[in-house]
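Data first, discussion second: the structure below is written as structure tokens.
The values are calculated or read from the model by the stated rules, or taken from the named source; none is laboratory data. Note that the structure is predicted; figures quoted are calculated from it, not measured. Every residue, glycine among them, receives a Cβ derived from its backbone with ideal geometry; neighbour counts consider all protein chains shown. Just the protein is used for accessible areas: all its heavy atoms, side chains included, with ligands, DNA and RNA removed. Shrake-Rupley method; radii C 1.70, N 1.55, O 1.52, S 1.80 Å.
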Amino acid sequence: MAAPTHTRPHRPSPDTVEIRLPWWAIALPAIAFAALLLLMAGPGQANAAAGDPGVGRVVHQIQQTLAR
């Protein structure tokens, strides 16, 4: 009968850093960014941006980019 082998637990070397993030730490900022982008580029806000032609052009360019 063979003798049982003892394995040592895996320890990262001291010169590496292991970072683990929960799934929501990435998902929530991405969802918030997408929601703000949709609010800014939404067609309902186009009339509010009519006073400033620069903002209207930016919104129009974003809409064209997203439509592709």
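For the structure I just gave you, tell me whether LEU66 is at pLDDT 85 or above, touching a helix residue (DSSP H, G or I) at 6+ places or on another chain (Cβ under 7 Å), among the hydrophobic types (A, V, I, L, M, F, W, C) and surrounded by 10 or more Cβ atoms within 10 Å (Cβ to Cβ). Here the answer is yes, as LEU66 does meet what is asked. All of HIS10, HIS60, HIS6 fail the test of being more than 17 Å from the chain's Cα centre (by Cα), open to solvent by 90 Å² or more (accessible area, probe 1.4 Å) and at pLDDT 85 or above, apart from HIS60.
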